[in-house]
Amino acid sequence: MTPAAFSFAAPGAPAWYACAGCRTAGVKLWRKPHIDVAAWCAACAERAGKMPEGAVGADGCVERSWGRDVQVAGLVPYVPDEEGLGAYGCANIPAAGAAWWRRLPTRPAADVSKGVG
Ligand SMILES: [Zn+2]
């Protein structure tokens, strides 16, 4: 879906903020560092990275030898700008955007994707 303007202050995420793999919306998404148009949820990122299911914790991070890491399988947190024009790079995500991303659940409350398809 095409990104449109939204607010970091609003609860949840806009409908277009959905996983390119399984269409799950309303959860944390990750994207390739230089591509804004597609993003994936924790479960799809785990599959893409051949990581065990559940490797991404509730905080949106994976455990590494050096600590908790928000990058999953080479993907970075997808924090769109509020005008719907693009996405912030990892190094310049505004505090409100980072807080918005961290507030989103890592997985849907009821994981209905399991066992479907
Ligand atoms: Zn997904």
Query raised in the report: Just one of V37, V76 is surrounded by 13 or more Cβ atoms within 10 Å (Cβ to Cβ) and on the phi < 0 side of the Ramachandran plot; which is it?
Result: V76
**Report entry** Subset of segment 94-110 that is part of a loop (DSSP other than H, G, I, E, B) and over 14 Å from C19 (Cα atoms) - its residue that is modelled with the lowest pLDDT
**Finding:** A110
Query raised in the report: Taking segment 79-93 as the search range and keeping residues that are outside any loop (DSSP other than H, G, I, E, B) and either surrounded by 11 or more Cβ atoms within 10 Å (Cβ to Cβ) or not small (G, A, S) (or both), which one is modelled with the lowest pLDDT?
Result: C90
Query raised in the report: Any residue in segment 12-26 that is within 12 Å of the ligand (Cβ to nearest atom), free of Cβ contacts under 8 Å to residues at least 60 places away in the same chain and among the charged types (D, E, K, R)?
Result: yes
**Report entry** Residues that are more than 8 Å from the ligand (Cβ to nearest atom) and not in a helix (DSSP H, G or I), drawn from segment 30-48
**Finding:** W30, R31, K32, P33, H34, I35, D36, V37, A38, A39
Query - Positions within segment 81-107 being within 25 Å of G54 (Cα to Cα) and touching a strand residue (DSSP E or B) at 6+ places or on another chain (Cβ under 7 Å), in sequence order - result: C90, W101
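The values are calculated or read from the model by the stated rules, or taken from the named source; none is laboratory data. Just so we're clear, the structure is a prediction, and the values are computed from it rather than from any experiment. Glycine also receives a Cβ, built like all others from the backbone with ideal geometry; neighbour counts cover every protein chain displayed.
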